[in-house]
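Everything on this sheet refers to the single structure shown next.
The values are calculated or read from the model by the stated rules, or taken from the named source; none is laboratory data. None of the values given here were measured: they were computed from a predicted structure. Cβ placement follows ideal geometry from the backbone for every residue including glycine, while neighbour counts extend to all protein chains displayed. These accessible areas exclude ligands, DNA and RNA; they are computed on the full protein's heavy atoms, side chains included. Shrake-Rupley method; radii C 1.70, N 1.55, O 1.52, S 1.80 Å.
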Amino acid sequence: LVFSSIVLLALPADVVQAQQNGIVRHYEFDIQMADVTRLCYTKSIITVNGRYPGPTIFARDGDRVVVNVVNHVRENVTIHWYGIRQLRSGWADGPAYVTQCPIQSGQSYVYNFTIVGQRGTLFWHAHISWLRTTLHGAIIILPELGVPYPFIKPSEEVPIIFGEWWKADTEVVISQALENGGEPNISDAFTINGLPGHLYNCSAKHTFKLKVTPGKSYLLRLINAALNDELFFSIANHTVTVVEVDASYVKPFEADTILISAGQTMNVLLDAKPNYPNAVFSMSARPYSTGSGNFDNTTVAAILKYRNPSNSSSAGFSKELPFYIPALPAFNDTSFVANFTGKLRSLATAQYPAIVPQTIDRRFFFTVGLGTDPCPRNQTCQGPNGAKFSSTVNNVSFTVPTTALLQAHFFGQSKGVYTPDFPAFPLMPFNYTGTPPNNTLVSHGTRLMVLPFNTSVELVMQDTSILGTESHPLHLHGYNFFVVGEGSGNFDPARDPAEFNLVDPVERNTVGVPDGGWVAIRFLADNPG
């Protein structure tokens, strides 16, 4: 989304105040190759500072973060600070050819942004091609000094990053898929904090272990850094309390299993059992997948172990203890997903209000799904009926420009780069979740939606049955939004808005468009860029 408004010559008061209250935190990110062994196979991967996953960014609400990124590899690179609002600092957001040109080999770029009114768990990742498979890490934002959590203070805080691992070079994987128009080859394993876990071949020693003390509480900062997979996650014989999603507090609720979509984050409280349980517990995750395409249907596992207060050894663990495994939902359990997401509500207190737009200036309806492109002459394609897969919104498939969109907009040089005519509604309405139309061909363009500053927006995103329905996680850069409604089938503009939650809807930056359904969000377009 490109927002046009008056050029602001000074920082707004909220940003200035945040900088006065916070400190400046400097980080050095060297993009470099490193040899990493997983699944009995060593390969060279792109990393930050030689680490996989990459280093954690720590900050407090109100701090300014300055990250100097130096590219020592041959590939072009950018870094996106996923979920950071980037108020008036759109140049630092990171998506290649959207807010910046990529950092070329041997070059550097300084990301400079202030955290305003945010606290919780977010993450960073590369935002060009598929480099994010190995280029990612946590962002932990603490409240301002002296401001407590709105829940019990945990004894420890532990980042849990879900990822994927390919034996192959992922740049080759996506290049081949784009060339032949078929599905990309699936990953060989999921990972927890970069480790596949003991369920995979050769991976017993590459298993993440969480060691806890009876009676203590732990804040697990969950991050789904997998490319496209939504994941179920559960700890055997334990219940967690969900307290935050996408760095926004929620009304706490207990869950045996949680769902976390690609790009989402979630903070959960884990209360260790009051007494030593004489057992070991699996922390397991596997995908939620409803589409007809291939997916990695394996399970990744970490291990939860208890410290034994009566054992004098430094570790206090026994390999002879019983080992418990959680029962995860079926891969396509849409009813569990609907039930879980339906429990998410903003905290909506005086200190953390849910400021939901009550009146709407602009309403949009976006269909989200797949279509096809014809196979080029003298080429064999592996998509549907010999064509090529193409993903679309309102049947427009995005054409990546060669000039960064923000640069073109800022300098008034958009001609030939983009057009401000993205359709607000489907050009040809149809039965979106019923029998699909015979013509599945898509259009292409660099077409943008332009909004006046401070426009209140309601956006309904509708899954389609073209080439099969599936759940689509979608992320809005530069904003949080409120999920005011969702449902199955086709959105009904005459009836469904009456059921919208405008009091305490969950506030997020990433939402899954339900399989064969729709989701409605609201936000205020108050961040030019």
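In the context of the full protein assembly, ARG345 retains an accessible surface of approximately 90 Å², using a probe radius of 1.4 Å and ignoring ligands and nucleic acids.
Here's how it looks for GLY517: its modeled amide H is under 5 Å from those of ASP463, GLY489, which are all 5 or more places away or on a different chain.
Over region 276-377, what is the relative contact order in percent, taking alpha-carbon pairs closer than 8 angstrom and at least six residues apart?
Details: 86 pairs, mean separation 27.3, N = 102.
After rounding, I find 27 percent.
When the solvent-accessible surface of protein heavy atoms is calculated with a 1.4 angstrom probe, in what order do ARG132, ARG51 fall, highest first? Walk me through the intermediate numbers first.
Values: ARG132 50, ARG51 125 Å².
Output order, biggest surface exposure first: ARG51, ARG132.
Evaluate the distance, in nm, between pseudo-label points positioned 7 Å from the Cα of ASN385 and of VAL110 along their respective Cα→Cβ axes. Each label point is offset 7 Å from its Cα along the Cβ direction, giving 5.5 nm.
Karplus-derived 3J(HN,Hα) values for region 284-301, using 6.51 cos²θ - 1.76 cosθ + 1.60 with θ = phi - 60°, are 10, 9, 8, x, 9, 9, 10, x, 8, x, 6, 8, 6, 9, 8, 10, 9, 9 Hz; glycine and proline are entered as x. Cross-link pairs exceeding 32 Å in C-alpha to C-alpha distance, out of LYS43/LYS153; LYS251/LYS273; LYS205/LYS343; LYS153/LYS209; LYS251/LYS319; LYS43/LYS209, comprise LYS43/LYS153; LYS205/LYS343; LYS251/LYS319. Per-residue 3J(HN,Hα) values for region 428-436, derived from phi via the Karplus relation 6.51 cos²θ - 1.76 cosθ + 1.60 with θ = phi - 60°, read 10, x, 8, 6, 4, 10, x, 5, x Hz in sequence order (x marks Gly and Pro).
Please give the length that would be gained between LEU321 and ARG363 if that part of the chain were fully extended, namely 0.36 nm times their separation in residues minus their C-alpha to C-alpha distance (nm, one decimal). Kindly include the intermediate steps, with their values, before the conclusion.
Working: separation 42, 0.36 × 42 = 15.12 nm, distance 5.76 nm.
Fully extending the segment from LEU321 to ARG363 adds 9.4 nm.
Across region 8-152, Cα pairs under 8 Å and at least six residues apart give a relative contact order of 27 percent. Taking every DSSP helix (H) stretch of at least 4 residues in the chain, weighting each as -39,500 (n - 2.57) and dividing the sum by the residue count yields a mean residue ellipticity at 222 nm of -2000 deg cm²/dmol. Subtract the Cα-Cα distance of VAL400 and GLU499 from 0.36 nm times their separation in residues, and report this length gain in nm to one decimal. Gain in length upon complete extension: 31.9 nm. Rounded to whole numbers, the Karplus 3J(HN,Hα) couplings from phi for region 365-379 are 10, 10, 7, 10, x, 10, x, 9, 10, x, 6, x, 4, 6, 9 Hz, using 6.51 cos²θ - 1.76 cosθ + 1.60 with θ = phi - 60°, and x at Gly and Pro. Can you compute the label reach from ASP35? Point 7 Å from Cα along the Cβ direction, backbone N cut-off under 18 Å, restricted to region 140-182. Counting backbone N atoms under 18 Å from the label point, the list is 167-169. Counting only cysteine Cβ atoms and a cutoff under 4.7 Å, the chain contains unmatched residues CYS101.
Counting only C-alpha contacts under 8 Å and six or more residues apart, can you give the relative contact order of region 370-491 as a whole percent? Each step should come with its number before you reach the end.
Details: 133 pairs, mean separation 32.3, N = 122.
Taking the mean separation of contacting Cα pairs over the length of region 370-491, I get 26 percent.
Rolling a 1.4 Å probe across all protein chains gives GLU157 an accessible area of roughly 70 Å². To the nearest 10, the accessible area of ILE23 is 90 Å² with a 1.4 Å probe.
Rounded to the nearest 0.05, what FRET efficiency is calculated for ALA279 and ILE152 with R0 set to 30 Å and r the Cβ-Cβ distance? Don't jump to the answer; show the numbers that get you there.
Values: r = 25 Å, r/R0 = 0.82.
E(calc), rounded to 0.05, equals 0.75.
The candidate values were [x] 1.20; [y] 1.08; [z] 0.95; the one computed from these coordinates for Rg/Rh (Cα atoms, Kirkwood Rh) carries the label [z]. Surface composition of the chain: carbon plus sulfur atoms hold 51% of the accessible area, using a 1.4 angstrom probe and ignoring ligands, DNA and RNA.
Note on LYS388: lysines with a C-alpha under 27 Å away, same-chain residues under 8 apart excluded, are LYS167. Could you compute the net charge surrounding ALA92? Neighbours are other residues with a C-beta less than 13 Å from the C-beta of ALA92; K and R count +1, D and E count -1. Residues near ALA92 contribute +2 overall. Among DSSP beta bridges whose residues both lie in region 325-472, state the antiparallel percentage, nearest 5. The antiparallel fraction comes to roughly 35 percent.
Counting heavy atoms of the protein chains only and a 1.4 Å probe, report the per residue accessible area for region 321-385 as a whole number of Å².
Values: 3900 Å² over 65 residues.
Ligands and nucleic acids excluded, the figure is 60 Å² per residue.
Distance between the pseudo-spin-label points of LYS251 and GLU144 (7 Å out from Cα toward the beta carbon): 2.7 nm.
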